[in-house]
Each structure stands twice: as C-alpha cells, then as structure tokens.
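Heads up: the structure comes next, in structure tokens.
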Amino acid sequence: LRARAGRPPLAGRVEFTGFLEDPWPVLAGLDVLVAATRTPEPFGRTLIEAMSVGVPVVAPAAGGPLDIIRDEVTGLLYRPNDPGALASAVGRLLCDRALAARMGAAGRREAGERFHPRAHARAVEEVYRTLLPVEV
C-alpha cells in the first residue's frame, strides 16, 4: 500500500498515520469515510463514529452496515466487492458537497438517536423485558 500510495496520482495525497492517541480530530476532518472491506463486518463501529461527527459514510451493502446506514439518507451503500460501485459512491459524495453535508447531518442525528450509550442501554433493557417471564 505504501508503494502504491507513493506513485501518481496518489503521491502526496495519502498519509499513513499509525496509531493515534486521539483520532477524533482526524475523523472529523474527513470528507468521506470509506469502508472497503471485502468480507462483511458484523458491526461497523467506525461507521458510527464517523456519523457521530457528521462525516458521510460509504460502505458495502452487507453485514453490519446494512443495520447502521440508511442508504441515500445517512450514507451510501455499494455492491460488495464491486470497485466501480465503490468508486462511484465516493465520487458522488466528493462531487456533490451539498449531498455529503445532508448525509453527514442525517448521520450525526441518527448516531445520536440510535447508537448513543443511553439509547443502546434502553434497547438492551427492552430485549430483557421481552425475555423475562415476570416483571422485575
């Protein structure tokens, strides 16, 4: 990857940061967060973190991203293992800044409503309530 990133047209445009003690400023400075996994992830915490700071996301339409991203609302889903579809989705957000801003804002709201620790705790409690035979 380092060799490829050192050649045109990527030369000077890709940075390998290594471990970051505080990744939030870098995350918040992204134009788009891209999850380009080849196999489905069970849950994409990085997607939620990007959404929480208003960064639009692009991820494959498989696994966890299907439960996290509302396609065309909070981000874009692409056909898994389709580099052309991935490139198209990223290009769309980079070329249409208004769309990217809308998706970023919608993602921020969604992350706060659905994935905030308090919301998560309430959802887990509700599951327990449906499983317990008696009221506790």
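The values are calculated or read from the model by the stated rules, or taken from the named source; none is laboratory data. What you see is a predicted model, and the numbers here were worked out from it, not measured in a lab. Cβ coordinates were reconstructed from backbone atoms using ideal geometry, including for glycine residues, and neighbour counts include every protein chain displayed. Quick note on the areas: whole protein, heavy atoms, side chains included, nothing else; ligands and nucleic acids left out. Shrake-Rupley method; radii C 1.70, N 1.55, O 1.52, S 1.80 Å.
For the chain, the Cβ-based charge dipole about the Cα centre amounts to some 440 debye (Lys, Arg positive; Asp, Glu negative; other atoms uncharged).
Suppose all protein chains stay in the model; what accessible area per residue would a 1.4 Å probe give for the chain, in Å²?
About 67 Å² of surface per residue is accessible.
Give me the net charge for the shell around Tyr78: Cβ to Cβ below 11 angstrom, other residues only, Lys and Arg +1, Asp and Glu -1.
Working: positive: Arg79, Arg92; negative: Asp71, Asp82.
Result for the neighbourhood of Tyr78: 0.
When all alpha carbon pairs of region 58-98 are counted in 5 Å bins from zero, the resulting P(r) reads 6, 26, 32, 23, 11, 2 %.
Taking the protein heavy atoms of the chain in the context of the full set of protein chains, the accessible area attributed to carbon and sulfur is 58 percent at 1.4 Å. The mean sequence distance of close C-alpha pairs (under 8 Å, at least 6 residues apart), as a share of the length of the chain, puts its relative contact order at 21 percent.
Which of the peptides 10-19, 65-74 is most tightly packed, and how do the rest follow, judged by the mean count of other Cβ atoms within 10 Å per residue? Intermediate values should be presented prior to the final figure.
On the way: 10-19: 8.1, 65-74: 17.5.
Those peptides, ordered most packed to least, come out 65-74, 10-19.
Electrostatic tally near Gly12: other residues with Cβ closer than 14 Å to its Cβ, Lys and Arg +1, Asp and Glu -1, net +3. Projected onto their three principal axes, the Cα atoms of the chain cover extents of 65, 33, 30 Å, largest first. Placing a pseudo-label 7 Å from each Cα along the Cα-to-Cβ vector at Thr37 and Ala87 gives an inter-label distance of 2.4 nm.
Over the C-alpha trace of region 1-55, radius of gyration and Dmax come out as 13.2, 35 angstrom.
About the centre of its Cα atoms, region 68-136 shows a dipole size close to 240 debye [charges on the beta carbon of Lys, Arg (+1) and Asp, Glu (-1) only; nearest 20 debye].
Sorting the segments 103-110, 84-91, 35-42, 116-123 by their residues' average number of neighbouring beta-carbon atoms within 10 angstrom, most packed first, yields 103-110, 84-91, 35-42, 116-123. Dipole of the chain computed with +1 at Lys/Arg Cβ and -1 at Asp/Glu Cβ about the Cα centre; of Thr17, Ala123, Ala87, farthest Cα towards the positive end is Ala87.
Based on Cα coordinates alone, diagonalise the gyration tensor for region 81-136, multiply each eigenvalue by 5, take square roots, and list the semi-axes in whole Å, largest first. Display every interim value, and only then the final one.
Values: eigenvalues 297, 47, 7 Å².
So the equivalent ellipsoid measures 39, 15, 6 Å along its semi-axes.
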